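Enquirer: Supplied in structure tokens, the structure appears directly below.
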Amino acid sequence: MEKINLMNDYNITAHPQILEAIIDATGKRFVGYGTDEETVAAVAAVRQLVGKPDADVHFLAGGTQTNLTAIGAFLRPHEAVISPASSHIYMHETGAIEASGHKIVNFLTPDGKADADSVRAIVLGHDNEHMVKPKLLFISQATELGTVYTRAELASLREVCDEYGLYLYIDGARLANALLSSYCDFSLEYIAEVADAFYIGGTKNGLLFGEALVIVNPSLRSDFRYMMKQRGGLLAKGFLLGIQFRVLLEDGLYIEQARHANDMANKLREGLLAAGISFFVHNDTNQVFLLAPTEKMPLLEERVSFERWGPEENGFVPIRFVTSWATTAEEIESVLELF
């Protein structure tokens, strides 16, 4: 019996419409490095989606590469990043940002969200040239714990960034899932208003690979393609990114696929709740954080791929299930039968 894969939301090639579009392009000749007509069309689609006709849009292969390239381009050598301790750049990118010379100053947060008071305390605690200078606030929407910033929370972060001259950069690997959360009271247009730069995730939303970086702040745009090239992000076959994002956005897949992933996660939550299972993080995006009874773990590990989120304690193991555009209702029902 094949294991049900709920390890992550990028465990299958790509949505059939994406693959068909690439196949349809077989035999066509394109100019390189993202200067082709497919990429031009994808850039136009992103600008329209976020309501910023003059925004710089760049396509990169993955989230870590996007974060590394963007933060490296935006900051001077002595400047640092502020982020929650659970953030992707701090926990899951092998020190990429710090290897480039920029320190990450982090703080603990129970729900994965940054807050204005924590940001302010860090800025005020770095008040002279013997320390790094905080210059950029990194947040994820949705967060690494699947929680979602509200419009008011984003506005509060924008306010504190303006107060201390910080850039606000948003990792949007699961931005589509956040947009479909019941906590969402904002739009992509608002994200583009509040952030200096952000990216629209494709890798975790049905593409083979790819993220669309949107640089809103004009002061951050200069020479960005030079930075992409230096960091290995300027793909010779950039048209493959252009094709994928054009289809993702023009055909409505960006929202459709995220809606399905969230729906499957909510179906899973409802079933787990009915089975008496508790959650250690509460959200309604496509990551499900639960406390699995220790006695259930051998069967779960035999039948399902998932991630342990910590050690066993008091008879329970914290684990994470992640649903995707390809997760089926039948798979969810099979998982629930194990509880």
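Enquirer: Being over 18 Å from Gln48 (Cα atoms), among the aliphatic types (A, V, I, L, M) and either in contact with a Leu (Cβ under 6 Å, 6 or more places away or on another chain) or part of a helix (DSSP H, G or I) (or both) is the filter here, so list the residues in region 230-247 that pass it.
Expert: Passing the criteria: only Leu240.
Enquirer: Please give the number of the condition Cys161 fails out of (1) buried (at least 24 other Cβ atoms within 10 Å of the Cβ); (2) touching a strand residue (DSSP E or B) at 6+ places or on another chain (Cβ under 6 Å).
Expert: (1)
Enquirer: Follow-up question, since we're still on this one. Kindly provide the set of residues from region 6-61 that are at pLDDT below 95 and assigned to a helix (DSSP H, G or I), ordered by number.
Expert: none
Enquirer: Looking at region 149-186, which of its residues are without any contact (Cβ under 8 Å) to a residue 40 or more places away in the chain, over 12 Å from the mean Cα position of the chain (by Cα) and either within 20 Å of Leu60 (Cβ to Cβ) or in a helix (DSSP H, G or I) (or both)?
Expert: Result: Arg151, Ala152, Ala155, Arg158, Asp162, Leu168.
Enquirer: In addition: Considering region 309-331 alone, what residues qualify as being touching a residue at least 12 places away in the same chain (Cβ under 8 Å), closer than 14 Å to Leu291 by Cα and either of a type in the set (S, T, N, Q) or not in a loop (DSSP other than H, G, I, E, B) (or both)?
Expert: Across region 309-331, the qualifying residues are Phe316, Val317, Pro318, Ile319, Arg320, Phe321.
Enquirer: Let me ask something else. When you scan region 208-226, do you find a residue that is touching a His at 6+ places or on another chain (Cβ under 9 Å), on the phi < 0 side of the Ramachandran plot and assigned to a helix (DSSP H, G or I), even just one?
Expert: Scanning region 208-226 turns up at least one residue that is touching a His at 6+ places or on another chain (Cβ under 9 Å), on the phi < 0 side of the Ramachandran plot and assigned to a helix (DSSP H, G or I).
Enquirer: Based on this model, can you work out whether Thr94 counts as in a loop (DSSP other than H, G, I, E, B), among the β-branched types (Val, Ile, Thr) and in contact with a strand residue (DSSP E or B) (Cβ under 7 Å, 6 or more places away or on another chain)?
Expert: no
Enquirer: Looking only at region 167-183, decide whether some residue is over 30 Å from Ala14 (Cβ atoms) and in contact with a Phe, Trp or Tyr (Cβ under 8 Å, 6 or more places away or on another chain).
Expert: Taking every residue of region 167-183 in turn, at least one turns out to be over 30 Å from Ala14 (Cβ atoms) and in contact with a Phe, Trp or Tyr (Cβ under 8 Å, 6 or more places away or on another chain).
Every residue, every condition in (1) closer than 30 Å to Leu49 by Cα; (2) surrounded by 16 or more Cβ atoms within 10 Å (Cβ to Cβ); (3) acidic (Asp, Glu), yes or no:
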residue: His260; (1), (2), (3): yes, yes, no
residue: Leu272; (1), (2), (3): no, yes, no
residue: Gly276; (1), (2), (3): no, no, no
residue: Val281; (1), (2), (3): no, yes, no
residue: Ala292; (1), (2), (3): no, yes, no
residue: Glu312; (1), (2), (3): no, no, yes
residue: Val322; (1), (2), (3): yes, yes, no
residue: Glu331; (1), (2), (3): no, yes, yes
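The values are calculated or read from the model by the stated rules, or taken from the named source; none is laboratory data. Model, not experiment: these values are computed from the prediction. Reconstructed Cβ throughout: ideal geometry from the backbone, glycine too, with neighbour counts over all protein chains shown.
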